Amino acid sequence: MFWTIVMLSISAFIFCLLVLPFWLYMHYKSKQQIGVGLTMEDKAKIQQLNEQAKALRHRVEQLEALLDYRQPDWRKSQ
């Protein structure tokens, strides 16, 4: 019983001395990186994807207009 308490105390001491500071450091370092936000590359990629989405939306609208002209009741079959 005595040795169990001693081993538990030593384990808790080692945890508080070595593991806990490293764990806290890594936790707050990751929180800080999340707070930084997007990189310039990320922003450029988002801008590029946004432009592609707008072009695709415009293309779909044109195709729907063409279908409306040539086949007026095509939407009813959906």
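The values are calculated or read from the model by the stated rules, or taken from the named source; none is laboratory data. Everything quoted here is computed from the prediction, not taken from an experiment. In case anyone asks, the SASA skips ligands and DNA or RNA and just uses the protein heavy atoms, side chains included. Shrake-Rupley method; radii C 1.70, N 1.55, O 1.52, S 1.80 Å.
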- For residue 54, the lysines lying under 28 Å Cα to Cα, once residues fewer than eight places off in the same chain are dropped, come out as 43, 45, 76
- Message: Once neighbouring chains are kept in place and the probe is 1.4 Å, which whole percent of the accessible area of the chain is contributed by carbon and sulfur?
- Response: 66 percent
- Find how much the distance from residue 49 to residue 19 grows on full extension, using 0.36 nm per residue of separation minus their present alpha carbon separation; answer in nm with one decimal. 6.5 nm
- Task: Kindly sort 6, 60 by accessible area of their heavy atoms, largest first, with the probe set to 1.4 Å.
- Result: 60, 6
- Query: Roughly what angle does helix 2-14 make with the longest principal axis of the chain, taking Cα atoms, 0 to 90 degrees, to the nearest 10?
  - Reply: 50 degrees
- Message: Heavy atoms of the protein only, probe of 1.4 Å, neighbouring chains included. What is the accessible area of residue 42 in Å², nearest 10?
- Response: 70 Å²
- Note on the structure: Residue-normalised value, i.e. accessible area per residue, for region 17-78 at 1.4 Å probe, in Å², stands at 100 Å²
- Message: Quick check on the chain: take the gyration tensor over C-alpha atoms, sort the square-rooted eigenvalues as a ≥ b ≥ c, and tell me if it's rounded (a/c under 1.5), prolate or oblate.
- Response: oblate
